[in-house]
Ligand code: BTN
């Protein structure tokens, strides 16, 4: 209740009535929340006012920001883990439902695409993995990767006002520097997806000093771009809503509307690009993406599609 009315006093009597609990029980719950890092001001005849939320991610604040019905509703928050991808993989094998979300304050072995490491320091960013159980063939997995990029890009705009663009297939950039990376890992049986793990890493509240020297010229953070700290809980809630809405759209209407949204947000389309691929450097004019999420290039009248690689802008 106090989270939903920021800055306002709510009397102990009002809270006890609305929750059908005694005034003593209200006082005990307030103290429990204080132990969890919340700060309240208590003024006689006015009531309680929330002054400060805990700096750490906590389930109460997070749940209050979630507007999604399924995504993020099964939630695990960890102080530290090797990789949230591994945590979700274990839960998936134990039968966890679609929409299960694991978030960590810190990852000691954060993973990126193409076997790279992903820098995930404590308390500064959003390092999370979401379990999806699409009833689709394995070949659809790249479409879900692009869907996730669109969802995060839209969520960042809604929650912070910051505009980012998508570099194929799914890096989010601001002014050419990386703000978010997405890693979609799939487990399949007989060419059908058993489950997918959508790993999302958002550079939220880092400052330049938080990054090792070698990353400083290629990354940025939402705080560095907007000049203010981002409320990580609000942004996570927004990502869950966008992902859930686009996932439903995808299930109802297929990949075509997602591809249009992706192209509109892309910084790779309608320009000359060079890619590092497993077969070496490839250059061409990027005209769009195909139905499998591959990047369509044109060079000297020849048209071809690339499925994996790293775009140099
Ligand atoms: C990339 O930039 O290549 C993808 C980075 C994906 C990072 C996220 S952070 C949460 C999840 N856990 C990981 O180990 N990786 C993903």
Euclidean distance between Cα centres, segment 166-210 to segment 116-163, Å: 5 Å
Average Cα contact separation per residue, the chain, under 8 Å, 6 or more apart, as relative contact order %: 14 percent
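Based solely on its DSSP helices, what 222 nm [θ] is calculated for the chain when runs of n ≥ 4 H residues each add -39,500 (n - 2.57) and the sum is averaged over all residues, nearest 500 deg cm²/dmol?
Numbers: 8 runs with 95 residues, N = 313.
Helices in the chain give a 222 nm mean residue ellipticity of -9500 deg cm²/dmol.
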Between 0 and 90°, nearest 10: helix 232-253 axis offset from the chain longest Cα axis: 50 degrees
Spin-label pair residue 55/residue 228, simplified geometry with 7 Å Cα→Cβ offset, distance in nm: 1.9 nm
Segments 34-47, 218-231 sorted - mean Cβ within 10 Å per residue, highest first: 218-231, 34-47
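If I stretch the segment between residue 292 and residue 44 completely, what's the gain in nm (0.36 nm per residue apart, minus their alpha carbon distance), one decimal? Mind showing how you got there, number by number?
Working: separation 248, 0.36 × 248 = 89.28 nm, distance 6.24 nm.
Gain on stretching residue 292 to residue 44: 83.0 nm.
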Packing-based exposure ordering (other Cβ within 10 Å, fewest first) of 239, 150: 150, 239
Alpha carbon convex hull of the chain, projected area averaged over orientations, nm²: 18.4 nm²
Folded to 0 to 90 degrees: helix 23-35 orientation relative to the chain principal axis, Cα: 40 degrees
Cα→Cβ-extended label distance, 7 Å offset, between residue 163 and residue 139, nm: 3.7 nm
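What full-extension length gain, to one decimal in nm, is calculated for residue 188 and residue 217 as 0.36 nm per residue of separation minus the Cα-Cα distance? Walk me through the intermediate numbers first.
Details: separation 29, 0.36 × 29 = 10.44 nm, distance 3.77 nm.
Here the answer is 6.7 nm.
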Between 0 and 90°, nearest 10: helix 141-160 axis offset from the chain longest Cα axis: 50 degrees
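Taking 0.36 nm per residue of sequence separation and subtracting the Cα-Cα distance, how much length would be gained by fully extending the chain between residue 253 and residue 208, in nm to one decimal? Don't skip to the answer; put the middle values down first.
Values: separation 45, 0.36 × 45 = 16.20 nm, distance 4.21 nm.
Contour length minus Cα-Cα distance gives 12.0 nm.
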Footprinting exposure proxy for 153, 140 (fewest neighbouring C-beta atoms within 10 Å first): 140, 153
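What ranking do 202-212, 83-93, 278-288 get when scored by the average of other Cβ atoms within 10 Å per residue, highest first? Walk me through the intermediate numbers first.
Values: 202-212: 17.4, 83-93: 19.5, 278-288: 13.5.
Sorting 202-212, 83-93, 278-288 by mean packing, highest first, produces 83-93, 202-212, 278-288.
Taken together, the values in this text are just the output of simple stated rules run on the coordinates, not laboratory data. Since the structure is predicted, the reported quantities are computational estimates derived from the model, not experimental observations. Note that we place each Cβ from the backbone using ideal geometry, even for glycine, and neighbour counts take in every protein chain shown.
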